[in-house]
Amino acid sequence: MRIGCPKERKPGETRVALTPASVGALIADGHAVVMERGAGQASGYPDAAYAAVGAELADASRVWEADLVVKVKEPLPEEFPLISSRTLLFGFLHLAANRPLAERLTASGATAFAFELVRAPDGSLPLLAPMSQIAGRLAAEVGVHLLKQPGPGRGILVGGVAGVPPGRCVIVGSGTVATAAARALLGLDAAVTMLSVDLGRLRALYEQYDGRLATRYASPTALAESFSGADLAVLAPHVPGAAAPKVVTRAMVRSMGPGAVLVDVAIDQGGASETSRPTTLAEPTYVEEGVVHYCVPNMPAAVPRTSTLALAEAALPAIRRLARLGPEAAANDVELGPALVVRRGRIVHPSVAEALGVTAP
């Protein structure tokens with residue numbers, strides 16, 4: 001199979017789907033790899049490193065002619081003309097919150113598998129997990145930084161000092177993003193409350209942190225009480241394949257008070273707050289209801305060297321599997337089958353179809 005890897009075009013996106021080591025492994029499997037010129041530069045991989053392991057270097061149009069196109073983030077409208085009925089796409093797509101891309105994939109007759117929906121035999125999401133871990137840690141780092149001045153943050157040191165209580169931090173969700181954020185914030189001695197509908201997970205985390213992590217069932221009342229006066233909120237509810245639930249109301253955000261910070265990691269799937277809208281790494285924040293919002297859909301791109309290495313290691317087995325099986329056999333594969341979102345122009349993933357209001361076969 002001929003595998004293409006284009007340069008990412010999403011604003012601020014600095015990751016690349018294939019490292020030179022990944023390319024070498026695919027070529028050793030008998031595949032050919034074509035890289036768009038400059039694709040790995042921002043992650044520290046020059047074109048010469050790819051050429052040295054046998055990759056062809058080409059422009060975007062030739063890359064998209066490959067049998068399998070592998071990329072980090074979803075194609076942008078400027079790339080839509082390059083998508084055709086012969087396109088087999090594999091990357092982070094988040095189609096439930098991206099109707100224009102879904103419509104282009106269906107109109108073109110393309111087939112697409114989503115990184116974020118690949119399932120390991122134990123039911124986990126192995127390609128999403130490392131990016132979620134990075135995003136969770138970054139959410140804590142970014143939120144703590146935005147609370148400082150100069151800037152619109154209220155000037156809180158989240159760990160407090162002797163005689164001054166720590167900052168109040170709220171985390172919505174209990175998955176990989178949420179637990180990574182909690183770990184980082186607890187390490188700074190912040191007062192952290194996690195809200196989730198998964199009581200079993202809350203019990204486990206409460207015990208893991210010996211009660212230092214406060215936990216609550218995420219009822220509307222509990223959310224409202226926890227947000228009132230909070231200094232920092234990290235939003236990370238996750239339903240695989242579906243749009244993020246809008247669990248945080250505008251009134252809850254307003255109740256945090258001026259200078260508080262909200263980091264919405266669920267913005268990839270549409271955001272978990274009524275006040276959230278996508279931003280970019282170049283212009284990451286805005287203030288609404290007096291609260292600083294950080295809603296960057298590709299947060300791990302802020303640390304491309306770490307993120308690219310983590311993603312490439314996690315994604316390579318799935319890429320090799322898809323290249324070996326081909327799209328038809330992969331559709332019935334235990335690991336890749338759940339990641340099939342569009343098949344020859346038809347949306348086939350039930351959660352994506354429901355979010356977009358279409359009928360899945």
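The sole residue among Leu101, Leu95, Leu89 that is farther than 14 Å from Leu340 by Cα and either of a type in the set (A, V, I, L, M) or more than 17 Å from the chain's Cα centre (by Cα) (or both) is Leu101.
Checking each residue in segment 268-299 for being surrounded by fewer than 16 Cβ atoms within 10 Å (Cβ to Cβ), touching a residue at least 40 places away in the same chain (Cβ under 8 Å) and farther than 18 Å from Met256 by Cα picks out Thr280, Ala282.
Here is a check on your reading of the model: is Leu101 assigned by TED's automatic domain parsing to the domain that holds Gly337, free of Cβ contacts under 8 Å to residues at least 24 places away in the same chain and of a type in the set (A, V, I, L, M)? Considered against the rule, which asks whether it is assigned by TED's automatic domain parsing to the domain that holds Gly337, free of Cβ contacts under 8 Å to residues at least 24 places away in the same chain and of a type in the set (A, V, I, L, M), Leu101 comes out as no.
Just one of the numbered conditions (1) crowded, with 22+ Cβ neighbours inside 10 Å; (2) within 24 Å of the chain's Cα centre (by Cα); (3) of a type outside the set (Asp, Glu); (4) at negative phi is not true of Ser196: (1). Selection of segment 308-326 for residues being farther than 16 Å from Thr111 by Cβ, surrounded by fewer than 22 Cβ atoms within 10 Å (Cβ to Cβ) and either within 17 Å of the chain's Cα centre (by Cα) or of a type in the set (Gly, Ala, Ser) (or both) yields Leu309, Ala310, Glu313, Ala314.
Scanning segment 221-243 finds one or more residues that are surrounded by fewer than 19 Cβ atoms within 10 Å (Cβ to Cβ), at pLDDT 95 or above, assigned by TED's automatic domain parsing to the domain that holds Leu138 and of a type in the set (Val, Ile, Thr).
For (1) more than 17 Å from His94 (Cα to Cα); (2) in a helix (DSSP H, G or I), each residue gets a yes or a no:
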residue: Gly271; (1), (2): no, no
residue: Ser276; (1), (2): no, no
residue: Val287; (1), (2): yes, no
residue: Pro300; (1), (2): no, yes
residue: Ser307; (1), (2): yes, yes
residue: Ile319; (1), (2): yes, yes
residue: Gly326; (1), (2): yes, yes
residue: Asp333; (1), (2): yes, no
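Residues in segment 333-361 that are modelled with pLDDT of 95 or more and among the charged types (D, E, K, R): Asp333, Glu335, Arg343, Arg344, Arg346.
The values are calculated or read from the model by the stated rules, or taken from the named source; none is laboratory data. Model, not experiment: these values are computed from the prediction. FYI the Cβ positions are ideal-geometry reconstructions off the backbone, even for glycines, and counts take in every protein chain you see.
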